[in-house]
């Protein structure tokens, strides 16, 4: 082997070899136990960043370990390739989104291969490929046939400049479009939905089955689903047959209702508004329509509303109460109306105070001295019901149940469970997405595209302006088609699907990625699912994971697979953070290259002191590190070791060039260690029946390393402590006095085997250098020899009057009497106790003997 460690040459050699050998094919038919490890697939932006390096190095280390442990491993890779960024690139660069996307895929694939990730590239997929989105469309039709896909009018975020719908995530905190900067409006459009609410209870209950998920992720999902138990109540409208329906979790406060509030978009708003209030109401509705949902519901924003002039009747009291409209009530949430109980709701209390509305207390603390005292703030705790007619004096928790019973008897209410979760709006007025496979016929209505006609492919002759509706709507030759049912001239749906649809089932397609006849083979998907270990960012804790769970349950119910949960274990890796310099006065970030003195950094323009802190790597903050530059300088194995060693995977990682250098030195030490072993030309002597002390000590170090690394890797993936154990083993080998021994060779082989998941290229080169056959990654993971861990001798500390005077070696099996005698007879003790009176001897087995002397 070469005397110098040359990572570039080694990595190029083995990456080529692995590709030629097809080392990482994942066969689904052999008898080995399966292990499906999956990292969230990326959007093909064109360049890897350090977040990518981390999220793909972690599962690769796991995959390599599991293969060596005898599992058939699936570790696939693909591309979440649809979405608006490619359309923006088409507009800015004058190229087709497909060209931009596939260029980026090729570039990122090459970078990942340079990193040495053992993906099953034979299962690679891209969501923008017709081979993939054909089956996305087929799955949509499954939802449609099951009554889980439907179209209705909905209020959406509308960009008046780009003339398109925006997701909530595309609206900033000021209510402006992330792309055009326009003030976002609320607009009613006919949109496609998936009926995820049908699965709300099962999605909530099955969180208890996910023992391998972080508790905070399960809590986030539970809160998003938002199950509430309460009452559905109806308030009659004066002078009309209609009633205003509300849902409340506090029916015990219904006697304190002093007004009701409708969402401005509520259909009843127009009906209850009196003629004298029409102008003010219309103006208010127009004003609210210019606000995004985020603006309307922001906690720190004042709640605005106006009276409609209409009145309703509290069915419990018979009292007439005013009907208002307010910006904080959304038609898409619940019933689109709320009952105002200002005495017992913080928001209602503030709203009533600002609008001079009555406040009537109907719950008081059990120990209240004066129930008529003026409220300084809303009382929201349980208590005793007052001013509540027949329910006065009742404990409010029981009062909830009794109020519901009374409402049911009288016919103006009933018990209800409600969820915060809303049906999933999947329509996007975009080109670069999966076309929704339906045709709108003037005679037949909505008609699904026949399965034989899938995929409905995206036309290529498209012009991108960045303005107006979807480019698809302007392509008459694509839009105008005959109805599949009756032949009448009809029109294709021009909306495409939300890209979350693509990522809600990609993990299923990986199990049978090349199947051109089916979405996937049922036996194959059942043979691999569920994913044993899923890895990705915490930012996907709610939507992506929730939608994936929903898809899995629907496809189970359609008989396409057996499992009800897609991901058995979930690891949410932390961010990679870089050293950041910021002027606290101006908020301006300063590039590190402009810092003259890192110990006392100052703004190069103003001379002001800068804040120095770690923050998520970002181009705009000048704190990013180029993975390719690191790999070019130190090699992929060093980058991998640093990423895995610096911090536990779920914690944020602070980039440090000195630590990267440290990992490079560690690999060089191993290189020299093995090089010296090879240069010595040591034969392979057979181990004799008895081992020397040096050999026993080395075997103990070897098998301690095997035990510790295996536990760290199989438990909570504590890669940092596992790599620390490798460092200990390399130190033990360096210090060993038995380099011509079979035990020493065992140590060298073990070190390389344990290193393989972390630094695969150098491990492969070293394995070849010591003349072992086959790939190191095809070897069995070393097993612990418990006998090697047994200790023949221990170090016994000798103390006199509590002070340590030295140590001696004694048998590990010695009892207390033997330990005391050995200590008494030792030269260490005799120097201090000879000829003196011993008052007491304290023996701590396995640790020390302390002689207490008479004064």
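Select, from 261, 246, 288, 281, the only residue that is buried (at least 18 other Cβ atoms within 10 Å of the Cβ), at pLDDT 95 or above, under 30 Å from residue 177 (Cβ atoms) and under 39 Å from the mean Cα position of the chain (by Cα).
On inspection, the qualifying residue turns out to be 261.
Does residue 264 fit the bill of being touching a helix residue (DSSP H, G or I) at 6+ places or on another chain (Cβ under 7 Å) and closer than 25 Å to residue 389 by Cβ?
Answer is no for this residue.
Can you go through 330, 357 and tell me which one is within 41 Å of the chain's Cα centre (by Cα) and part of a loop (DSSP other than H, G, I, E, B)?
Result of the check over 330, 357: 330.
Across the stretch 22-58, which residue is modelled with the highest pLDDT among those that are in a helix (DSSP H, G or I) and out of contact with any helix residue (DSSP H, G or I) (no Cβ under 8 Å at 6 or more places or on another chain)?
Filtering the stretch 22-58 down to residues in a helix (DSSP H, G or I) leaves 50-58.
Then drop every residue that is not out of contact with any helix residue (DSSP H, G or I) (no Cβ under 8 Å at 6 or more places or on another chain), which leaves 51, 55.
Numbers: 51: 91, 55: 94.
Only one residue tops the list, namely 55.
Give me the pairs, please: first residue somewhere in the stretch 813-829 and in contact (Cβ under 8 Å) with a residue 40 or more places away in the chain and not assigned by TED's automatic domain parsing to the domain that holds residue 803, second residue anywhere and part of a loop (DSSP other than H, G, I, E, B) and crowded, with 16+ Cβ neighbours inside 10 Å, beta-carbon distance under 8 Å, and either six or more positions apart or on two chains.
Pairs that qualify, where the first residue is in contact (Cβ under 8 Å) with a residue 40 or more places away in the chain and not assigned by TED's automatic domain parsing to the domain that holds residue 803 and the partner is part of a loop (DSSP other than H, G, I, E, B) and crowded, with 16+ Cβ neighbours inside 10 Å: there are none.
Yes/no matrix, rows are residues, columns are (1) within 30 Å of the chain's Cα centre (by Cα); (2) touching a residue at least 60 places away in the same chain (Cβ under 8 Å); (3) surrounded by 18 or more Cβ atoms within 10 Å (Cβ to Cβ):
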site: 645; (1), (2), (3): yes, yes, yes
site: 650; (1), (2), (3): yes, yes, no
site: 660; (1), (2), (3): yes, no, yes
site: 671; (1), (2), (3): no, yes, yes
site: 679; (1), (2), (3): no, no, no
site: 698; (1), (2), (3): no, no, yes
site: 702; (1), (2), (3): no, yes, yes
site: 717; (1), (2), (3): yes, yes, yes
site: 720; (1), (2), (3): yes, yes, no
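Suppose the filter is more than 21 Å from residue 243 (Cα to Cα), assigned to a helix (DSSP H, G or I) and either outside the structural domain of residue 262 (by TED's automatic domain parsing) or without any contact (Cβ under 8 Å) to a residue 12 or more places away in the chain (or both); does residue 347 pass it?
The answer is no for residue 347.
Yes or no: the stretch 297-308 includes at least one residue that is on the phi > 0 side of the Ramachandran plot, over 42 Å from the mean Cα position of the chain (by Cα) and surrounded by fewer than 21 Cβ atoms within 10 Å (Cβ to Cβ).
Within the stretch 297-308, none of the residues are on the phi > 0 side of the Ramachandran plot, over 42 Å from the mean Cα position of the chain (by Cα) and surrounded by fewer than 21 Cβ atoms within 10 Å (Cβ to Cβ).
Would you tally the residues in the stretch 418-430 being assigned to a loop (DSSP other than H, G, I, E, B) and either without any contact (Cβ under 8 Å) to a residue 40 or more places away in the chain or in contact with a strand residue (DSSP E or B) (Cβ under 7 Å, 6 or more places away or on another chain) (or both)?
The qualifying residues number 4.
Please go through the stretch 269-293 and pick out each residue that is in contact with a strand residue (DSSP E or B) (Cβ under 6 Å, 6 or more places away or on another chain) and over 27 Å from residue 320 (Cα atoms).
Across the stretch 269-293, the qualifying residues are 289, 290, 292.
So, in the stretch 276-298, exactly how many residues are touching a residue at least 12 places away in the same chain (Cβ under 8 Å) and in a helix (DSSP H, G or I)?
Number of matching residues: 13.
Looking at 847, 803, 839 in this structure, which one is outside the structural domain of residue 690 (by TED's automatic domain parsing) and touching a residue at least 24 places away in the same chain (Cβ under 8 Å)?
847
So, in the stretch 607-655, how many residues would count as being touching a helix residue (DSSP H, G or I) at 6+ places or on another chain (Cβ under 7 Å) and within 28 Å of residue 766 (Cα to Cα)?
20
Identify all residues within the stretch 117-149 that are more than 29 Å from the chain's Cα centre (by Cα) and not in a helix (DSSP H, G or I); write none if there are none.
Once the filter is applied, which keeps residues that are more than 29 Å from the chain's Cα centre (by Cα) and not in a helix (DSSP H, G or I), the stretch 117-149 yields 146, 147.
Which members of the stretch 136-161 meet the condition of being modelled with pLDDT of 95 or more and more than 18 Å from residue 558 (Cα to Cα)?
151 - this is the single residue of the stretch 136-161 that is modelled with pLDDT of 95 or more and more than 18 Å from residue 558 (Cα to Cα).
Got a number for residues in the stretch 74-116 being under 24 Å from residue 457 (Cβ atoms), touching a residue at least 60 places away in the same chain (Cβ under 8 Å), outside any helix (DSSP H, G or I) and more than 22 Å from the chain's Cα centre (by Cα)?
Residues flagged as under 24 Å from residue 457 (Cβ atoms), touching a residue at least 60 places away in the same chain (Cβ under 8 Å), outside any helix (DSSP H, G or I) and more than 22 Å from the chain's Cα centre (by Cα) within the stretch 74-116 amount to 1.
One line per residue, one yes/no per condition, for (1) at pLDDT 90 or above; (2) part of a helix (DSSP H, G or I); (3) crowded, with 17+ Cβ neighbours inside 10 Å:
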{"position": "796", "(1), (2), (3)": "yes, no, yes"}
{"position": "807", "(1), (2), (3)": "yes, no, no"}
{"position": "819", "(1), (2), (3)": "yes, yes, yes"}
{"position": "836", "(1), (2), (3)": "yes, no, no"}
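Please report, ordered by residue number, the strands (runs of 3 or more DSSP E) entirely within the stretch 504-617 with at least 1 residues that are over 16 Å from the mean Cα position of the chain (by Cα). Please lay out each step first, then the result.
On the way: elements: 533-537, 570-573, 576-582, 611-616.
Once the strands (runs of 3 or more DSSP E) in the stretch 504-617 are filtered for at least 1 residues that are over 16 Å from the mean Cα position of the chain (by Cα), what remains is 576-582, 611-616.
Can you tell me which residue in the stretch 774-794 is nearest to residue 827 (Cα to Cα), limited to those that are modelled with pLDDT under 90 and surrounded by fewer than 16 Cβ atoms within 10 Å (Cβ to Cβ)?
Restricting to residues being modelled with pLDDT under 90 and surrounded by fewer than 16 Cβ atoms within 10 Å (Cβ to Cβ), the top hit is 793.
I'd like to know if the stretch 701-717 contains one or more residues that are at positive phi and either at pLDDT below 95 or touching a strand residue (DSSP E or B) at 6+ places or on another chain (Cβ under 6 Å) (or both).
yes
The values are calculated or read from the model by the stated rules, or taken from the named source; none is laboratory data. All figures in this text were calculated on a predicted structure; none of them were measured in a lab. Here the Cβ is made from the backbone with ideal geometry for all residues, glycine too, and neighbour counts use every protein chain on show.
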